[in-house]
Amino acid sequence: MRCFRVSILILSLATVVMAVVAGCVNNSPSSKIVTVTLPPQKYLVEQIAGDNFEVRCLLSNGANPETYDPTVTNMMNLDKSMAYIRLGNVGFEDAVLEKIALANPSLPIYDISDGIELITGTHAHTHGHAGEAVEHDTPDPHTWTSVKNARIMVSNILQALKEIDPANTAEYNANYERLVGRLDSLDAAFSTRLAAAGHPAFIVWHPSLSYFARDYGLNQIVAGGAENKEASVTAVREAIDKATEAGASIFFYQKDIDSRQLAALNSSINATEVDINPLSADWETEMTKIVDALTAK
C-alpha cells in the first residue's frame, strides 16, 4: 500500500512538472530569432519587432566591443537566427562576417548604419604589415549614440524585418511610426534643452559621443583615447587646457577606466563626474541621462 502511495505521489509530481514545462513552452517567445551586435541596437530592433522575434545579442554582458571575440556559443546562436542585423562599423563584426561566410553563407545580413554620415578621426585600427605595426583611421563606431542616427537605423530595421517576415508588415509599420514619433520628440526636446544651456562643452574619457556632439553643436573633449588606455602626459595636458578654455563642467566616464587616472586628471579641472554606459540596453534612458547632466543647473 505504501509503495502504491509513493507511486501515486511520483506520478502526481511528474504531472505537475510536465504541466509547468508545457506552460513555459506555450508562453515562451516566438521561435523566430534575429541576432544583433550590441545591446542598444537590440533595444531599437525590439521596439519594431514586438513579440514576433526573439532578439539575441552577440556582445556578452560587460564585454568590451573594442577587443571582443565572439564565442562558440555566440556563433551557435547566430546559426539559429533568421538574419543577422549588424551595426555596421564595430570592429569585431568583420570577424563575425568571415565566420558566417564559412558556416552559413545563406544567412541574410542587414547593415542598419546604411545612410549615416560617418565621423572619422576619433578611432584607429592597428595591424601588422610586413613586420611593422600600421595604423589606419577607421569610422567612429558609436553611431547609435545619436537620436538622429537612430532614426535612420530604425528605418533600416523596418525594411529588414518586413523582408524577413512579410506576414507581419502592418504591425512593423505601426511600431515604426510610433517609434519615429518618439525619436522626433526626443530630438526636439534635446535640441531645445541643449541650446538653452548654451551648447555646453564636455569632457569624455572614451570618444563615444561624437555623433551626439555633432547633432547639437557641442564640443566633445577627449581625455583618454579610443581604447581606454592610459593617456600620455601630453594628451592629459592638452585635455586639461581644452576643458579649461571651453569651460567644460561635465566629465563623462565609463566604469571600466582607471579611476585613479580619472581622479588625477579631474583634480585640475574640477568637473562633475558622470558615469555613463553607451552599451546600455536601455538606450533612451541612457541618452536622456547624458542630456540631463549637460543641462543641470
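Overview of values
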| quantity | calculated |
| --- | --- |
| Rounded, prolate or oblate (a/c below 1.5 giving rounded, otherwise prolate when a/b exceeds b/c) for region 50-108 by Cα gyration tensor | oblate |
| Solvent-accessible area, 1.4 Å probe, carbon plus sulfur percent, for region 168-281 | 48 percent |
| Charge dipole (region 166-264, unit charges on Cβ, about Cα centre) - positive-most of Ser208, Val236, Ala174 | Val236 |
| Assigned charges on the beta-carbon of Lys, Arg, Asp, Glu; region 215-297 dipole about Cα centre (debye) | 280 debye |
| Value of D in µm² per second that Stokes-Einstein yields for region 172-297, Kirkwood Rh from Cα pairs, at 10 °C (1.306 mPa s) | 103 µm²/s |
| Region 178-265, accessible area per residue, ligands and nucleic acids excluded (1.4 Å, Å²) | 48 Å² |
| Built amide H within the under 5 Å cut-off of Asn219, gap 5+ | Ala201, Phe202 |
| Residue-level accessible surface for Glu163, protein heavy atoms, 1.4 Å, Å² | 130 Å² |
| Thr234, Thr71, Thr295, Thr145, ranked by accessible area, largest first (probe 1.4 Å) | Thr234, Thr71, Thr295, Thr145 |
| Rule-of-thumb Rg ratio for region 174-224 [Cα; 2.2 N^0.38 Å; N residues] | 1.37 |
| For region 38-111, with +1 on Lys and Arg beta carbons and -1 on Asp and Glu, the positive-most of Leu59, Pro39, Asn104 along the dipole | Asn104 |
| Radius, Kirkwood style, for region 132-203 when every pair of distinct Cα atoms is counted (Å) | 15.0 Å |
| Computed accessible area, Trp283, all protein chains, 1.4 angstrom probe, square angstrom | 10 Å² |
| For region 140-297, size of Cβ-based charge dipole, Lys and Arg +1, Asp and Glu -1, in debye | 320 debye |
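The values are calculated or read from the model by the stated rules, or taken from the named source; none is laboratory data. Given the structure is predicted, the values throughout are model-derived calculations rather than measurements. Virtual Cβ from ideal backbone geometry, glycine too; neighbours counted across all protein chains shown. The accessibility values were calculated without ligands, DNA or RNA, using every heavy atom of the protein model including side chains. Shrake-Rupley method; radii C 1.70, N 1.55, O 1.52, S 1.80 Å.
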